[in-house]
Structure formats: C-alpha cells, structure tokens
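J.: Shown below is the structure under consideration.
The values are calculated or read from the model by the stated rules, or taken from the named source; none is laboratory data. Everything numeric in this text was worked out from a predicted model, so none of it was measured. With ideal geometry, Cβ positions are generated from the backbone for all residues, glycine too; neighbour counts draw on all protein chains shown.
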Amino acid sequence: MKPRRKPLSTARKPDYFPENQVVTGWEARHLAGQPEFEEYHFINCDFTGADLSHKRFADCRFERCNLAGVRLAGTALQNVAFAECKLLGLQFTACRDMLFGVHFDHCQLRYASFAGRHMPATRFVHCALDEADFADANLSESVFEACSLAGAVFQKTQLAGADFTTATGFTIDPESNPLRTARFSLPGLLGVVAKYGLVVE
C-alpha cells in the first residue's frame, strides 16, 4: 500500500501588522507614489478601478475592501489575504509570478481570471467564483470550501488533490483536467460526469 501523499504546504495568512500600517477608509490616491506595501492591513478601503500595476504587496491583508476593476499588470501579490472583499473581474493572471500567493475568505470573485497561474494549495473559503477562469492554472491540493463555481472555466487545469467536496455549480471535464486524488461529494460528481449523459441516482 502506497503511503498517503503529504499535502502541499501553504504560507500562513499574514496576521502581524505594525500599528501605523493598519489603515481604514483609504482610497486609490493614498496608494499613489508608493511602490511597495509590506505588512499592511487595509480595512474598509475603496480602491475601485485603481491602477496597482507594478506595485508589490507582501504579507498584507485586505478586509472588507472594494477592489473591483483594479489593474494588476506586473503586480506582486506575495502572501496576501483577502477577506470579505469585492474582487469582481480581477485579472490575477497579469500578476508577477515570483512568490505569488493569495488567500480568499468570503470574497466576490465573479469573472476573475487565474488563467495560467501557478497557485497550488490555495484556499478559497465561501467565495463566489461564478464565471471565473482557471484555464491552464495549477491548483493542485487547493480547497474550494463552500464556493459557488457556476460557469467557471477549467481547461487543462491541474487539479490533483483539490477539494471540491463542499463546492457547488462546477462542471469539470476529467479528460482535459488532471483530477487524480481530487475530492468530490456524491452530488458534486454530477459536475464531473455531466458530459457523458449519465444519470446518478
């Protein structure tokens, strides 16, 4: 009997922030002129449509922030947590590759794109991921806890060991997405075998 594969480790969510780097109610103008943010905690900020291109965020947390339509060309997100944030349509695929690492908890991620991203062991918890694009991404060992995935795109996506047991709405073609040791609930299997026209009772 083969030993069970050890799950991939993921960076611990940032939880330490210097007092002067816990900011509330910021807008895009507050980010202008500063290229790097390390150990910042952003609370109730409205960055709608802001241009964050080529900025670096490391060990930061965004909480109850609106980042809809934010531009992320060449942006570094290095162990960044998002909680209860609006991230509609964000192009995470445009982010810098080096040390890319994110956590999502109760976030709105409809129409977001993670296409081509290398992000194994990422946790999505209670997130709306409808119509999100995961094509060509590496999501091995990732967890989709209580997430809605209606219309989400999985095409040549690495999903080995991923956990979909509490996710809903997804459709995944097992012939074009590696699914070895991925976990599903029995109702969730309907989204895997849908193309075969099978009836699961």
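J.: Would you confirm, using the coordinates I've provided, whether F47 is touching a helix residue (DSSP H, G or I) at 6+ places or on another chain (Cβ under 6 Å), modelled with pLDDT of 95 or more, on the phi < 0 side of the Ramachandran plot and not acidic (D, E)?
T.: Values: touching a helix residue (DSSP H, G or I) at 6+ places or on another chain (Cβ under 6 Å): yes; modelled with pLDDT of 95 or more: yes; on the phi < 0 side of the Ramachandran plot: yes; not acidic (D, E): yes.
Judged against the criteria, F47 is a match.
J.: When the stretch 108-147 is examined, which residues are found to be in contact with an Asp or Glu (Cβ under 6 Å, 6 or more places away or on another chain), within 13 Å of D163 (Cα to Cα) and not β-branched (V, I, T)? Quick ask: steps written out before the conclusion?
T.: Initially, the stretch 108-147 is screened for residues in contact with an Asp or Glu (Cβ under 6 Å, 6 or more places away or on another chain), giving 110-111, 113, 115-116, 120-121, 125, 143.
Filter again for within 13 Å of D163 (Cα to Cα), leaving 120-121, 125, 143.
Listed by number, the residues that qualify are P120, A121.
J.: Identify, by number, the condition in (1) modelled with pLDDT under 95; (2) buried (at least 23 other Cβ atoms within 10 Å of the Cβ) that C127 doesn't meet.
T.: Only one criterion is unmet by C127, namely (1).
J.: Right, another one. For residues that are crowded, with 21+ Cβ neighbours inside 10 Å and either touching a His at 6+ places or on another chain (Cβ under 7 Å) or part of a loop (DSSP other than H, G, I, E, B) (or both), tally how many sit in the stretch 136-151. Quick ask: steps written out before the conclusion?
T.: First pass over the stretch 136-151, keeping only residues crowded, with 21+ Cβ neighbours inside 10 Å: 137, 139-144, 147, 149.
Still in the running and either touching a His at 6+ places or on another chain (Cβ under 7 Å) or part of a loop (DSSP other than H, G, I, E, B) (or both): 137, 139-142, 147, 149.
The number of residues fulfilling the criteria is 7.
J.: Would you mind finding the one in E27, E63 that is acidic (D, E), modelled with pLDDT of 95 or more and more than 27 Å from A162 (Cα to Cα)?
T.: Being acidic (D, E), modelled with pLDDT of 95 or more and more than 27 Å from A162 (Cα to Cα) holds for just one of E27, E63, which is E27.
J.: If you take the residues in the stretch 99-135 that are of a type in the set (D, E, K, R) and not in a loop (DSSP other than H, G, I, E, B), which one is nearest to the chain's Cα centre (by Cα)?
T.: As a first pass, look at the stretch 99-135 and keep what is of a type in the set (D, E, K, R): 105, 110, 117, 123, 130-131, 133.
Filter once more, keeping what is not in a loop (DSSP other than H, G, I, E, B): 105, 123, 133.
Working: D105: 9, R123: 7, D133: 11 Å.
Out of the qualifying residues, it is R123.
J.: What number of residues within the stretch 57-85 are of a type in the set (K, R) and either free of Cβ contacts under 8 Å to residues at least 24 places away in the same chain or in contact with a helix residue (DSSP H, G or I) (Cβ under 8 Å, 6 or more places away or on another chain) (or both)? Reasoning before the result, please.
T.: Kept after step one, since they are of a type in the set (K, R), are these residues of the stretch 57-85: 61, 64, 71.
If we keep only those that are either free of Cβ contacts under 8 Å to residues at least 24 places away in the same chain or in contact with a helix residue (DSSP H, G or I) (Cβ under 8 Å, 6 or more places away or on another chain) (or both) too, we end up with 64, 71.
Within the stretch 57-85, residues that are of a type in the set (K, R) and either free of Cβ contacts under 8 Å to residues at least 24 places away in the same chain or in contact with a helix residue (DSSP H, G or I) (Cβ under 8 Å, 6 or more places away or on another chain) (or both) number 2.
J.: OK, next. Here are some conditions: (1) more than 22 Å from L159 (Cβ to Cβ); (2) surrounded by fewer than 21 Cβ atoms within 10 Å (Cβ to Cβ); (3) within 14 Å of the chain's Cα centre (by Cα). Q91 meets all but one. Which one does it not meet?
T.: (1)
J.: If you scan the stretch 141-161, which residues turn out to be under 17 Å from D173 (Cβ atoms) and not basic (K, R)? Break it down stepwise before answering.
T.: First, pick out the residues of the stretch 141-161 that are under 17 Å from D173 (Cβ atoms): 144, 149-160.
Across the stretch 141-161, the qualifying residues are F144, L149, A150, G151, A152, V153, F154, Q155, T157, Q158, L159, A160.
J.: Take the conditions in a loop (DSSP other than H, G, I, E, B) and among the aromatic types (F, W, Y) and apply them to F170. Does it pass?
T.: Considered against the rule, which asks whether it is in a loop (DSSP other than H, G, I, E, B) and among the aromatic types (F, W, Y), F170 comes out as yes.
J.: Still on this structure: Could you list, in sequence order, the residues of the stretch 152-162 that are part of a loop (DSSP other than H, G, I, E, B), of a type in the set (A, V, I, L, M) and surrounded by fewer than 21 Cβ atoms within 10 Å (Cβ to Cβ)?
T.: Step one: filter the stretch 152-162 for residues part of a loop (DSSP other than H, G, I, E, B), giving 152, 154-157, 159-162.
Checking the rest, the ones that are also of a type in the set (A, V, I, L, M) come to 152, 159-160, 162.
Residue satisfying the conditions is A160 alone.
J.: Modelled with pLDDT of 95 or more, polar (S, T, N, Q) and in contact with a Ser or Thr (Cβ under 8 Å, 6 or more places away or on another chain): which single residue out of Q78, Q91, Q108 fits that description? Lay out the reasoning, then the answer.
T.: Numbers: Q78 fails: in contact with a Ser or Thr (Cβ under 8 Å, 6 or more places away or on another chain); Q108 fails: in contact with a Ser or Thr (Cβ under 8 Å, 6 or more places away or on another chain).
Going through Q78, Q91, Q108 in turn, the sole match is Q91.
J.: Right, another one. Could you tell me whether F62 is assigned to a strand (DSSP E or B) and within 23 Å of S148 (Cα to Cα)? It would help to see each step written out before you state the result.
T.: Details: assigned to a strand (DSSP E or B): yes; within 23 Å of S148 (Cα to Cα): yes.
Yes: the conditions hold for F62.
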